[in-house]
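What follows is a short report on a single structure.
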Amino acid sequence: MKIAVCVKQVVSREWQLRVDESNTWIRDQDASYELNEPDAYALEEALRLKERHGGEVVVCSAGPARVSQVVREALARGADRALLVEDDRLVGADAFATASALAAALKDERCDLVLTGLQSDDSGFAQTGVVLAETLGLPHATIIMEVQVADGALRVKRELEGGWFQWIAMPMPAVLTIQSGINQLRYATLKGIMAAKKKDVKKVAAPDLAPQHEIVRLYFPEKAKATRLIDGAPADAAKELVRLLRDEARVIS
Amino acid sequence: MIETLIFWALCLGFAASFVVQVWRRLRLVARAPGRLGFDRPALRVRRFLRDVVFQSRTIAGRPLAGFAHALVFWGFVAFAGYSSTEFLYGLGLADLRRTPFFEAYAVALVPFATACLVGILYLLVRRVFARPAGLGDHVSMESVVIAIFIAALMITFLLRFGLADGSVAGRVNWWTHMLVILAFLALIPASKHLHLVLSPFTVLLKSPVLGTVPNLDFEKEEVGTETLKDLSRKQVLDAFTCVECGRCQDNCPAFGSGKVLNPKKLILDSQDALLEGALDRRVVEVYDEGVLWQCTTCGACESQCPVGIEHLPLIIGARRGLVSNGEAPDYLGNVYNQLERRGNIWGLTYEARQKFIESAGLEIFDAAKHEYLVWLGCAGAFEADFQKALRALFDILRACGVRFGVLARERCTGDVAKRSGNEYMFQELATQNIEDFRASGVTKILTSCPHCLKTIGDDYRRFGFDADVVHSSVLVAEITRGLEPNVATVEPVTFHDPCYLGRYAGHVDEPRELLERFGGSVREPDRTRTNPFCCGAGGGLLFEEKEEGTRISDVRFKQLQATGAGTVVTACPFCSIMLKGAQASAQADTEFVDLMAFVNGRLQKAADPSAGAPSASAGAAPPAAP
């Protein structure tokens, strides 16, 4: 079974976020980066599926040159080889641009399964996997909690709202977006880190990137504090207060 | 003439047997990787004199048996010249026995022989009848035979004074004496008595610093001990030197709390497998399942061993081999990921540390302004209780006029990674921290965590980083030495020596000095000072939730409780976490307080007359910064 895992490099949580001068992106010159956490779970799931069913895990990423860091990390954890779409235009790219870059790398790979993290820790669109599936012409399922492979087909468990789950049977090949916490992550071993140095990283040219959206303004949540005085007779005011607490503030029901 | 020929034949036969058996073992030592260390020779020679010549480590934990052993040992040494002379005579090479010097020597040997005889008889009785647990479940027949041999040697020596040299009885006596020596020679190599030959070397070759585990060289693709053939030269030598006395076993907190790990068995398992020639056997097949993960790296085994065996490099080396192959227990895998992603053992983001720095009013270290860099450590950054202890330390430092700052950012020192066998993670963390230290221009580092003390103060030296690193108890003992706080009440307390402070760093007097100075009357628990009983947290076991047998922390807590002191003073964040856990499950009302909090509390009380205590005496004015 050939499994591709798409991973993204995001700024690390340790790094103090700052907005750049144009107020459309972060000032990322001195940022530290890490592997997007949901993608780490997708990678782990791919490695576990390979251990169970055999085959190959191909890690795939798209971004500027610094992205090779997370690709090496994935190789150290056990991915067999890597595909890297390296292009500076992918900095801050939207889900469409990223998905088309990933699709360009994956289209000739004929993978049985493509895994991505559910969403990224930075933009959080949860769209890249879905758009990638459409671009590759594959079926997809999102928010996956468990993956079973039998007789060339998939049974996957999706997380719904309110503590509900859903089992879906679907054909392969397919794209799945993996929920965080689905498995326990392995650590990078010394042997793995040594072996990663010898693994193949193939660079793929970026296709025409056509962003579908534009960030108009990026800003920190603005703290607002407002005091409202309710006029009227005490009994009416109390009634109004209860209504506001219930309907607007929603702190009582 | 015939006697001489027979003696020649016997000597050659027994000597050949000795050489063949020793050769078999030394070949295994010679083919093992790694170099034998001999750094700091003066220290090693001093230890040799203390532990070999004066037998201090043998005597320390077991005074009676140890002294009896010393008598036997000194007897053996005294007899070296005598036996050589007798052999020269027996082989017909030279007869020096008639010289007045030799006669005087023989007479001088009488007290040695008598002492040796008394010693060995005591040891024989102890082994056969008293049967201490450390010596194993059954009486070793081999040891009994050896003891009888030694007794026979001494008796035959003493008899020589009463028997005419040329008489039949005299000849029989002489032959008995010499045959016993020869038989002894043949028995030694395959038994624990090989320590007679090897232990002087292993004591000399033992690292001068407890728990020295050399860095792996990744350039040489070193990954740790995967199979037996990866054991280092010293580790193989250790395996053949073990005298099976069981001091390691008696002092091991894992063994003492009902776990499978027995440091003595670990060494003997290595020995057996090496002699079987199973060099390709994986470590998990050599040692009992799980034992490699039961060690807290408290260092009791290594520090108690009288023959210089180093258990920690063996255990950590084997852990490395497993960790390098992805075979660490799950709880450690989790810690490694947190260290990799967040740079600390709990996987928290550093906002919490930032908030602590702000609320405690700490300055970022500036070499031009500050004397000390206070290293907070993971616990200082995130653990509320330990932060209280650190606040107390800051108060004391400020009151005494010590100028200090902290780093804007810290990573874990790598203690857990190093001790649990993740050498790669350790080196990553260490090199990055050292880079930050160097950039800051720091020369003096102060920490309240004994694990950080060992890691920065010792392990980092192997990267060429040599700033002075001091534990808070030592510095505060020093800067408050001029103070005479008027302590109104004296409170009985007990002090739990952290392994990494008491046993590793040897700082046992400073904490007690502080306690006494500030109104604590110290009641010593069982297992104290340089041989404390571990809290159970070291070596990554802080994160192990399913502890086999009794919890180590429960055992220790009971020992502390038994002192009758209502207050336990700790000086390590991990000890504090473990022992408080044990206290909670015992539902005891014992109070825990960090040493710094204890000192600061008493300082505040002494300085504040309204608190009910008499005002501080004139001598209590803080001295100027050192």
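Does segment A:2-16 hold any residues that are open to solvent by 50 Å² or more (accessible area, probe 1.4 Å) and touching a residue at least 12 places away in the same chain (Cβ under 8 Å), and which are they?
Result: A:Lys8, A:Arg13.
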**Request:** Those residues that are open to solvent by 20 Å² or more (accessible area, probe 1.4 Å) and either touching a residue at least 60 places away in the same chain (Cβ under 8 Å) or part of a helix (DSSP H, G or I) (or both), I need them from segment B:265-282; list them, please.
**Result:** B:Lys265, B:Leu268, B:Asp269, B:Gln271, B:Asp272, B:Leu275
**Prompt:** Given the structure, is A:Arg155 at pLDDT below 95 and away from chain B (no Cβ under 14 Å)?
**Reply:** no
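Does B:Ala399 satisfy the condition of being open to solvent by 30 Å² or more (accessible area, probe 1.4 Å) and assigned by TED's automatic domain parsing to the domain that holds B:Pro525? Steps first, answer last, please.
On the way: open to solvent by 30 Å² or more (accessible area, probe 1.4 Å): yes; assigned by TED's automatic domain parsing to the domain that holds B:Pro525: no.
Spelling it out, it is not the case that B:Ala399 is open to solvent by 30 Å² or more (accessible area, probe 1.4 Å) and assigned by TED's automatic domain parsing to the domain that holds B:Pro525.
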**Asked** Quick one: which of A:Leu138, A:Leu185 is under 17 Å from A:Ala46 (Cβ atoms) and within 14 Å of chain B (Cβ to nearest Cβ)?
**Response** A:Leu185
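Looking at this structure, is B:Cys412 within 14 Å of chain A (Cβ to nearest Cβ) and either open to solvent by 10 Å² or more (accessible area, probe 1.4 Å) or of a type outside the set (Lys, Arg) (or both)?
Working: within 14 Å of chain A (Cβ to nearest Cβ): yes; either open to solvent by 10 Å² or more (accessible area, probe 1.4 Å) or of a type outside the set (Lys, Arg) (or both): yes.
Yes, satisfied.
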**Message:** Under 9 Å between Cβ atoms, which residue pairs at least 6 apart in sequence (or on different chains) link something in segment B:454-473 that is in the same structural domain as B:Val569 (by TED's automatic domain parsing) with a partner that is among the basic types (Lys, Arg)?
**Reply:** none
**Message:** Can you tell me which of (1) open to solvent by 10 Å² or more (accessible area, probe 1.4 Å); (2) assigned to a helix (DSSP H, G or I); (3) under 13 Å from B:Ala571 (Cα atoms) is the one B:Glu513 doesn't meet?
**Reply:** (3)
**Request:** Determine which single condition B:Gly377 fails, assuming it passes every other condition in (1) within 14 Å of chain A (Cβ to nearest Cβ); (2) surrounded by 21 or more Cβ atoms within 10 Å (Cβ to Cβ); (3) out of contact with any Gly (no Cβ under 6 Å at 6 or more places or on another chain).
**Result:** (1)
**Subset of segment B:247-270 (residues that are over 16 Å from B:Thr550 (Cα atoms) and in contact with an Asp or Glu (Cβ under 9 Å, 6 or more places away or on another chain))** = B:Cys248, B:Pro263, B:Lys264, B:Lys265, B:Leu266, B:Ile267, B:Leu268, B:Asp269, B:Ser270
**Request:** Return yes or no: is B:Glu340 touching a strand residue (DSSP E or B) at 6+ places or on another chain (Cβ under 7 Å) and open to solvent by 20 Å² or more (accessible area, probe 1.4 Å)?
**Result:** no
**Request:** Taking the residues in segment B:347-356 that are in a loop (DSSP other than H, G, I, E, B) and open to solvent by 40 Å² or more (accessible area, probe 1.4 Å) as candidates, determine which candidate is nearest to the other protein chains (Cβ to nearest Cβ).
**Result:** B:Thr349
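Return yes or no: is B:Lys234 open to solvent by less than 30 Å² (accessible area, probe 1.4 Å), in the same structural domain as B:Arg50 (by TED's automatic domain parsing) and closer than 22 Å to B:Leu312 by Cα?
no
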**Prompt:** For B:Gln387, are the conditions met, namely being at pLDDT 95 or above and polar (S, T, N, Q)?
**Reply:** yes
**Fill in**
Here the residues within segment B:432-457 that are within 22 Å of the chain's Cα centre (by Cα) and either assigned to a helix (DSSP H, G or I) or surrounded by fewer than 24 Cβ atoms within 10 Å (Cβ to Cβ) (or both) are B:Pro450, B:His451, B:Cys452, B:Leu453, B:Lys454, B:Thr455, B:Ile456, B:Gly457
**Prompt:** Taking segment B:125-173, which residues are among the aromatic types (Phe, Trp, Tyr) and in contact with a Phe, Trp or Tyr (Cβ under 9 Å, 6 or more places away or on another chain)?
**Reply:** B:Phe149, B:Phe157
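Residues checked against (1) open to solvent by 20 Å² or more (accessible area, probe 1.4 Å); (2) within 14 Å of chain A (Cβ to nearest Cβ):
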{"position": "B:Trp293", "(1), (2)": "yes, no"}
{"position": "B:Gly299", "(1), (2)": "no, no"}
{"position": "B:His311", "(1), (2)": "no, no"}
{"position": "B:Gly326", "(1), (2)": "yes, yes"}
{"position": "B:Pro329", "(1), (2)": "yes, yes"}
{"position": "B:Tyr336", "(1), (2)": "no, yes"}
{"position": "B:Ile345", "(1), (2)": "no, yes"}
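Does B:Asn422 satisfy the condition of being modelled with pLDDT under 95, more than 22 Å from B:Ile364 (Cβ to Cβ) and among the polar types (S, T, N, Q)?
So B:Asn422 fails the test.
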**Item:** Options B:Ser191, B:Ser257, B:Ser232; residue that is out of contact with any Phe, Trp or Tyr (no Cβ under 7 Å at 6 or more places or on another chain), hydroxyl-bearing (Ser, Thr, Tyr) and modelled with pLDDT under 95
**Value:** B:Ser191
**Request:** Would you check if there is a residue in segment B:161-184 being of a type in the set (Lys, Arg), open to solvent by less than 40 Å² (accessible area, probe 1.4 Å) and not assigned by TED's automatic domain parsing to the domain that holds B:Val307?
**Result:** no
**Asked** So which of B:Ser324, B:Ser359 is of a type in the set (Gly, Ala, Ser) and touching a Lys or Arg at 6+ places or on another chain (Cβ under 6 Å)?
**Response** B:Ser324
**The lone exception for B:Glu340 - which of (1) modelled with pLDDT of 95 or more; (2) of a type in the set (Asp, Glu); (3) in contact with a Phe, Trp or Tyr (Cβ under 9 Å, 6 or more places away or on another chain); (4) more than 17 Å from B:Thr447 (Cα to Cα) it fails** = (1)
**Request:** Please state which of the following conditions B:Cys245 fails to meet, knowing it meets all the rest: (1) closer than 23 Å to B:Val416 by Cα; (2) part of a loop (DSSP other than H, G, I, E, B).
**Result:** (1)
**Complete:** Selection from segment B:216-231 of residues within 14 Å of chain A (Cβ to nearest Cβ) and open to solvent by 40 Å² or more (accessible area, probe 1.4 Å) yields B:Asp217, B:Phe218, B:Glu219, B:Lys220, B:Glu221, B:Glu222, B:Glu226, B:Asp230
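Just one of A:Lys191, A:Lys198, A:Lys225 is free of Cβ contacts under 8 Å to residues at least 12 places away in the same chain, within 14 Å of chain B (Cβ to nearest Cβ) and loosely packed, with under 13 Cβ neighbours inside 10 Å; which is it?
Values: A:Lys191 fails: loosely packed, with under 13 Cβ neighbours inside 10 Å; A:Lys225 fails: within 14 Å of chain B (Cβ to nearest Cβ).
From the options A:Lys191, A:Lys198, A:Lys225, the qualifying one is A:Lys198.
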**Asked** Residues B:Glu478, B:Glu423, B:Glu484: which one is within 14 Å of chain A (Cβ to nearest Cβ), in contact (Cβ under 8 Å) with a residue 60 or more places away in the chain and of a type outside the set (A, V, I, L, M, F, W, C)?
**Response** B:Glu423
**Item:** Entirely in segment A:1-118, the helices (runs of 4 or more DSSP H) that have 2 or more residues that are away from chain B (no Cβ under 14 Å) and over 22 Å from A:Lys198 (Cα atoms)
**Value:** A:37-53, A:95-106
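The values are calculated or read from the model by the stated rules, or taken from the named source; none is laboratory data. Since the structure is predicted, the reported quantities are computational estimates derived from the model, not experimental observations. Because the Cβ atoms are built from the backbone with ideal geometry, glycine has one as well, and the counts that use them run over all protein chains shown. Keep in mind that these areas ignore ligands, DNA and RNA; they rest on the heavy atoms of the full protein, side chains included. Shrake-Rupley method; radii C 1.70, N 1.55, O 1.52, S 1.80 Å.
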